[in-house]
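Notes for the one structure printed next.
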Protein chains: 2
Amino acid sequence: MALKYYHAEPVANSLKSMIPLKEKGLAFESVYVDLHKFDQHQPWFTAINPEGQVPVLDHDGTIITHTTVINEYLEDAFPDAQPSDAPLRPRDPVGAARMRYWNKFVDEHVMNFVSMHGWHRMIGVIARNIDSGDFEKLLENIPLPDQRKKWATARSGFSEADLANATAKIEYAVDKVEQQLGDTRWLAGETFTLADINFFSHCGMMVERMFPDMAIATRAPRLVDWRERMTARPGVAAALSGEDRTAPGLRTWTGHVQ
Amino acid sequence: MALKYYHAEPVANSLKSMIPLKEKGLAFESVYVDLHKFDQHQPWFTAINPEGQVPVLDHDGTIITHTTVINEYLEDAFPDAQPSDAPLRPRDPVGAARMRYWNKFVDEHVMNFVSMHGWHRMIGVIARNIDSGDFEKLLENIPLPDQRKKWATARSGFSEADLANATAKIEYAVDKVEQQLGDTRWLAGETFTLADINFFSHCGMMVERMFPDMAIATRAPRLVDWRERMTARPGVAAALSGEDRTAPGLRTWTGHVQ
């Protein structure tokens, strides 16, 4: 039984499946994919994942992609490797449904909107620092049409209307989470699940820092408390301690750059 | 053990969880929600689903929403009620991951884009037939901000750029499915799964009719063969035979109106 995890910095997608690996105490080989060098579009990587995206889980040669799918796969393949408090996917059908409701909400209504602001602030700088001939070549290497568009838009800049819409989506999500945390200790109920890992990785860990205008401390105090409980978990802390090769001046998600 | 299913016409979301109920042979009470009368925004319905959307599964008083979540719930709650050929969610972890990969693709890259064309052609007509004062009142009753926007946009008309982008997404999906069906008999492998049900309900059943310019018969002959195999299944046929109260002149998804 050999697990290999291809990933970038400990944030967003790459963090989202790293946390379950650590929380479940599974041994795995870590393979760093350097997004700053566009490793994810190179032939060695697209031979592993034709979509050219991190992260990727390799389990004895079987390739699993997309973090929500990877995290459910880890539950199916290693049901007994669990943190001491509760399984990451509740074993009762209703609990699992609550978890999947939140996973779906984060996947469809949160992830891309925080990502847009991160791309606007950080990837835009990287993209504009590439000469236009080289940029065209870079685009040609990107397998997914949507990703090609996202890179091109990052270079030219996302529109104010799109950014404002993204901000509104994030505010809606913050308020929804705050309300839920008034009813239950964790997002999907009384136990820590994959839903918490999902929202934390894509929004909860960085929302206060990236969006100071939202005044998260006063608007969403339960979210702040929940975030502290997340980072206090040894598995989460271990995942967060992974290497970060992002240039310090570009750490929009992982550092203090707005 | 009592199941109740709140649904509209046998197409898209409402069809997507009706098929598993029929394929699994589960007894349930059918509750028709008349979208043409905006039942889904009325207090009796938002008391059941505060998001004001169909379908909804009520299992002994526990409410489950969102079709991908409902369909996984039915697998968790009724693992032994299965069609004779194979379980709707594969029991091996890799098979389940393949199924979830396709579910995620349909949920995030297909559903909303076919839906946009349907709303443009059909809901737009309905929305424009409402007096503007009544339309404002209708909007006020819609709980989800995104749905309010979608209704307002349907009335004013989706932009040509958005419609063209949606068409490109559907073409990409059709070609991806066609390629997959060259490798495997069904979308997620050799057996019929929830992934087939998902793509069929949101795109496969109506794509040839709604988008004649795509020339599906020549572009995607394996998809046509797959669609025939889908509709030949007694469970799928039973779900499709449900009542359709859409005015004949508006049957964009379910009839022959372009």
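The values are calculated or read from the model by the stated rules, or taken from the named source; none is laboratory data. Only a predicted model underlies this, so the values are computations on that prediction, with no experimental measurement involved. Cβ placement follows ideal geometry from the backbone for every residue including glycine, while neighbour counts extend to all protein chains displayed.
So the values come out like this:
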{"read-out": "Count - residues of region B:129-164 that are surrounded by fewer than 14 Cβ atoms within 10 Å (Cβ to Cβ) and touching a residue at least 12 places away in the same chain (Cβ under 8 Å)", "value": "1"}
{"read-out": "Selected residue (criterion: farthest from B:Val224 (Cα to Cα)) from residues of region B:188-209 that are more than 14 Å from chain A (Cβ to nearest Cβ) and among the aliphatic types (A, V, I, L, M)", "value": "B:Ile197"}
{"read-out": "Identity of the residue in region A:168-180, within 13 Å of another protein chain (Cβ to nearest Cβ) and within 20 Å of the chain's Cα centre (by Cα), that ends up surrounded by the most Cβ atoms within 10 Å (Cβ to Cβ)", "value": "A:Ala173"}
{"read-out": "Failed item, numbered, when B:Glu51 is tested on (1) surrounded by fewer than 19 Cβ atoms within 10 Å (Cβ to Cβ); (2) more than 24 Å from B:Asn141 (Cβ to Cβ); (3) in contact (Cβ under 8 Å) with a residue 40 or more places away in the chain", "value": "(2)"}
{"read-out": "Per-region count, region A:71-97, residues in contact with a Pro (Cβ under 8 Å, 6 or more places away or on another chain), in contact (Cβ under 8 Å) with a residue 40 or more places away in the chain and in a helix (DSSP H, G or I)", "value": "3"}
{"read-out": "Region A:84-98 - residue that is more than 9 Å from chain B (Cβ to nearest Cβ) and of a type in the set (A, V, I, L, M, F, W, C) and, of those, surrounded by the fewest Cβ atoms within 10 Å (Cβ to Cβ)", "value": "A:Ala86"}
{"read-out": "Answer residue from region A:149-160, given it is more than 12 Å from chain B (Cβ to nearest Cβ) and assigned to a helix (DSSP H, G or I) and is nearest to A:Gly118 (Cα to Cα) among those", "value": "A:Ala154"}
{"read-out": "Filter result for A:Ser30 (away from chain B (no Cβ under 14 Å), free of Cβ contacts under 8 Å to residues at least 12 places away in the same chain, not basic (Lys, Arg) and not in a helix (DSSP H, G or I))", "value": "no"}
{"read-out": "Sole residue being among the basic types (Lys, Arg) and at pLDDT below 95, chosen from A:Arg229, A:Arg155", "value": "A:Arg155"}
{"read-out": "Matching residues in region A:18-63 - criterion: being among the hydrophobic types (A, V, I, L, M, F, W, C), within 30 Å of A:Pro87 (Cα to Cα) and touching a Gly at 6+ places or on another chain (Cβ under 9 Å)", "value": "A:Met18, A:Ile19, A:Leu21"}
{"read-out": "Residue that is farthest from the other protein chains (Cβ to nearest Cβ) [pool: residues in region A:50-65 that are within 13 Å of A:Ser17 (Cβ to Cβ) and assigned to a loop (DSSP other than H, G, I, E, B)]", "value": "A:Val54"}
{"read-out": "Scope region A:208-220; condition of a type outside the set (A, V, I, L, M, F, W, C) and in contact (Cβ under 8 Å) with a residue 24 or more places away in the chain; matching residues", "value": "A:Arg209, A:Pro212, A:Arg219"}
{"read-out": "Selection from region B:221-258 of residues that are farther than 19 Å from B:Ser14 by Cβ and either in a loop (DSSP other than H, G, I, E, B) or among the aliphatic types (A, V, I, L, M) (or both)", "value": "B:Leu223, B:Val224, B:Ala232, B:His256, B:Gln258"}
{"read-out": "Verdict on A:Thr252 being of a type in the set (S, T, N, Q) and closer than 16 Å to A:Val114 by Cα", "value": "yes"}
{"read-out": "Any chance A:Thr68 is surrounded by 19 or more Cβ atoms within 10 Å (Cβ to Cβ) and either free of Cβ contacts under 8 Å to residues at least 40 places away in the same chain or within 14 Å of chain B (Cβ to nearest Cβ) (or both)", "value": "yes"}
{"read-out": "Any chance A:Leu74 is within 12 Å of another protein chain (Cβ to nearest Cβ) and either closer than 18 Å to A:Pro20 by Cβ or not basic (Lys, Arg) (or both)", "value": "yes"}
{"read-out": "Unmet criterion (only one of (1) basic (Lys, Arg); (2) over 14 Å from the mean Cα position of the chain (by Cα); (3) facing another protein chain (nearest Cβ under 8 Å)) for B:Lys104", "value": "(2)"}
{"read-out": "Residue among B:Thr167, B:Thr218 that is under 14 Å from B:Asn112 (Cα atoms), part of a helix (DSSP H, G or I), at pLDDT 95 or above and among the hydroxyl-bearing types (Ser, Thr, Tyr)", "value": "B:Thr167"}
{"read-out": "Residue within region B:183-190 that is modelled with pLDDT under 95 and assigned to a loop (DSSP other than H, G, I, E, B) present", "value": "no"}
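Yes/no per residue for (1) in contact with a strand residue (DSSP E or B) (Cβ under 7 Å, 6 or more places away or on another chain); (2) under 28 Å from B:Gln179 (Cα atoms); (3) at pLDDT below 95:
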{"position": "A:Asn13", "(1), (2), (3)": "no, yes, no"}
{"position": "A:Trp44", "(1), (2), (3)": "no, yes, no"}
{"position": "A:Val106", "(1), (2), (3)": "no, no, no"}
{"position": "A:Trp119", "(1), (2), (3)": "no, no, yes"}
